[in-house]
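A short write-up of the structure that comes next.
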Amino acid sequence: MNAASHVEKVIIIGSGPAGWTAAIYAARANLSPVVFAGRPKQVPSTLLPGGQLMLTTEVENYPGFPHGVDGPKLMWAFEAQALRFGTRVVTDKGVVTPDASQQFNGREAAYQDCVKVDLSARPFRVFGEDGKALLAHTVIISTGATANWLGLPNEQRLARSGGGVSACAVCDGALPVFRNKEVAVVGGGDSAIEEATYLTKFASKVYIVHRRDQLRASKIMQQRALTNPKIEMKWNKTVEDVLGESMITGLRLRDTVSGQVSDLPVGGLFCAIGHTPATQFLAGQLELDAKGYIKLRDPYRSTTSVDGVFAAGDCVDSVYRQAITAAGMGCKAAIDAERWLGEHGVH
Ligand code: NAP
């Protein structure tokens, strides 16, 4: 069998908690998985290597780390564990097993993004940035979802440097830096209300900054926020700028009705303006819902609309979006893929 016609047992697309967990399970099942981990720092990138935790400073809710762990460190540990069992990765130099002892940034060859798939015929074809297709009996998609940001330069700078700007209150809200501070949540959907309510446990006051005078959130969630004495609504306001040098000190707001600009002093900003699943490259190949999340055939499994294609993590999950839930789904996808291969006589 020559290299061009070699068919991989399983190709995993995405390298967050779901992708690397799928790789750990698949590698330990001797499936010799190949991972498209994504190219670091490429903007726009289909895949963020390591996923959303690479943008997090401290993770305090991942079990097993009683004193917390850096998001990137956690993901390097996932990756090293997958590589230790022989997981291969698509790089600019081809499909290789990187040295697990070398940290990501120190490696010689850059990881590739997956840019296209053809799931219409078997074996499936999965294309890297170099245009070359790898063939696969099964594919696990774990490309995640990105939190939407306002897109302001100071917001991005402070989010990257741990300056009190976050897109996940459940992940970051309990950090000491936000305790007894006045903080703001931007958005008007269920996430914004849920995050604001959660933050009232730690913050002295929570402002919800919303661009309209009506919430999109469900009535019961609205009621919860509007009757909470620690929550104050800032209606009809857009965020013009995020203030502060190394740490956020406030927001510059513009009133959408009067046009008036005002500053709101806060010690934290949480963006809750929705997520975008990284599934654009799957359009026409796999059934997606109206928001682009991959539809599962059975909510308790990882099976999708195409037999032999499995999905896990935030690209199928708009509700929980946690590293631990994504990792659990990655495990299920690898077990589903292994069973599929067994049932189809691929050893
Ligand atoms: P969402 O429902 O799409 O709401 C996004 C909110 O952000 C909207 O209020 C929107 O304003 C605002 N927004 C969007 N872009 C903005 C921008 N550039 N600047 C300022 N504001 C902006 O997203 P979500 O709240 O994350 O919810 C996603 C899904 O998960 C929904 O189906 C939701 O019901 C569900 N969910 C459920 C629960 C629960 O039941 N416990 C919890 C969380 C999420 P407009 O209203 O003006 O468009």
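Structure summary
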{"quantity": "Mean separation of Cα contacts under 8 Å, 6 or more apart, over the residue count of the chain: relative contact order %", "calculated": "19 percent"}
{"quantity": "Relative exposure of 141, 12, judged by other C-beta atoms within 10 Å (fewest first)", "calculated": "141, 12"}
{"quantity": "Alpha-carbon Debye profile of region 149-271, log10 I(q)/I(0) at 0.11, 0.18, 0.19, 0.23 Å⁻¹", "calculated": "-0.31, -0.87, -0.98, -1.41"}
{"quantity": "Flagged links, alpha-carbon separation over 30 Å, of 116/291; 181/237; 205/291; 116/219", "calculated": "205/291; 116/219"}
{"quantity": "32 Å tail of the calculated P(r), the chain, as % of Cα pairs", "calculated": "34 percent"}
{"quantity": "For the chain, Cys with no neighbouring Cys Cβ under 4.7 Å", "calculated": "114, 271, 315, 331"}
{"quantity": "The chain: most fluctuating residue of 76, 235, 20 per GNM, C-alpha cutoff 10 Å", "calculated": "235"}
{"quantity": "Hz values of 3J(HN,Hα) by residue in region 223-236 - Karplus curve (6.51, -1.76, 1.60), Gly and Pro given as x", "calculated": "4, 4, 6, 5, 9, 7, x, 8, 9, 10, 7, 10, 6, 6"}
{"quantity": "Residues 279, 87, sorted so that the one with the fewest Cβ neighbours within 10 Å comes first", "calculated": "279, 87"}
{"quantity": "Cβ-based exposure ranking for 315, 331, 171, in which fewest neighbours within 10 Å come first", "calculated": "331, 171, 315"}
{"quantity": "Extension gain from residue 291 to residue 65, taking 0.36 nm per residue of separation minus the Cα-Cα distance", "calculated": "78.0 nm"}
{"quantity": "Mean residue ellipticity (222 nm) of the chain, computed from DSSP H runs ≥ 4 via -39,500 (n - 2.57), nearest 500", "calculated": "-6500 deg cm²/dmol"}
{"quantity": "Point-to-point label distance, residue 32-residue 305, nm (Cα→Cβ direction, 7 Å offset)", "calculated": "3.3 nm"}
{"quantity": "Nearest-ten-degree value, helix 190-199 long axis tilted from longest Cα axis of the chain", "calculated": "70 degrees"}
{"quantity": "Rounded to 5, the percent of DSSP beta bridges in the chain classed as antiparallel", "calculated": "50 percent"}
{"quantity": "Gain on full stretching of the segment that runs from residue 298 to residue 224 - 0.36 nm per residue minus C-alpha separation", "calculated": "23.4 nm"}
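Rule-based calculations on the coordinates, nothing more; no lab input. Values in this document were obtained by computation on a predicted structure and should not be read as measured data. Positions of Cβ are generated from backbone atoms using ideal geometry, with glycine treated the same way; all protein chains shown enter the neighbour counts.
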